[in-house]
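One structure is given here, and the rest of the page talks about it.
The values are calculated or read from the model by the stated rules, or taken from the named source; none is laboratory data. Predicted model, so just to flag it, every value in this text is computed and none were measured. All Cβ positions, even for glycine, are placed from backbone atoms using ideal geometry, and neighbour counts span all protein chains on display.
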Amino acid sequence: MSHKYEAKVTWNRQSGEKFLDNRYSRAHEWAFDGGVTVRASSSPSVVPLPLSAADAVDPEEALVASASSCHMLYFLFFAAKRGFLVDRYEDEAFGVLEKNAAGKMFISKITLRPHVTFSGEKTPSAEEMQAMHHSAHEECFIAQSLKSEMNVEVR
């Protein structure tokens with residue numbers, strides 16, 4: 001089974017904006033097949049303001065959100081399959097950007113910090129929670145695509 005995923009990324013130089021001096025806006029747009037358009041930019045921690053847009057999504061936080069979202073979707077699948085009624089899933093995930101051995105910047109670690117609220121008569125034990133998070137990590141194709149260290153800190 002194979003699927004193709006597409007995103008259209010568009011950047012335009014602003015009228016009168018210089019380019020060759022490397023002082024141009026990094027703000028751009030991501031457009032997805034469902035019709036959603038997202039304002040994006042480089043991270044202000046990588047390219048300082050005003051050349052970045054602080055109110056836009058940057059690739060680093062989008063990577064962290066993708067890993068978190070994929071993990072959550074699989075966790076919800078496993079919880080439902082085991083008969084646990086999930087009311088809320090919240091993850092305050094973060095990624096660490098640093099240099100690798102070759103001196104290149106990369107996301108070295110992504111830490112997921114999910115907090116799950118259940119209702120109903122059946123709630124998971126700590127061991128069952130760990131097992132569902134482990135299964136979610138093993139099945140998450142985003143996690144399986146990354147070479148970054150991935151940690152799950154169950155709260």
Selection within region 25-45 - free of Cβ contacts under 8 Å to residues at least 40 places away in the same chain, over 14 Å from VAL9 (Cα atoms) and either hydrophobic (A, V, I, L, M, F, W, C) or surrounded by fewer than 15 Cβ atoms within 10 Å (Cβ to Cβ) (or both): GLY34
Residue that is farthest from the chain's Cα centre (by Cα), among those in region 1-22 that are of a type in the set (S, T, N, Q) and within 26 Å of VAL36 (Cα to Cα): SER15
Matching entry among ALA53, ALA79, ALA126, ALA136 (being of a type in the set (A, V, I, L, M, F, W, C), at pLDDT 95 or above, over 12 Å from the mean Cα position of the chain (by Cα) and exposed (fewer than 15 other Cβ atoms within 10 Å of the Cβ)): ALA126
Any hit, region 123-141, residues being among the small types (Gly, Ala, Ser), out of contact with any helix residue (DSSP H, G or I) (no Cβ under 8 Å at 6 or more places or on another chain) and in a loop (DSSP other than H, G, I, E, B): yes
The one condition in (1) under 28 Å from SER119 (Cα atoms); (2) free of Cβ contacts under 8 Å to residues at least 40 places away in the same chain; (3) not hydrophobic (A, V, I, L, M, F, W, C) that HIS71 fails to fulfil: (2)
Test result for SER68, exposed (fewer than 15 other Cβ atoms within 10 Å of the Cβ) and not hydrophobic (A, V, I, L, M, F, W, C): no
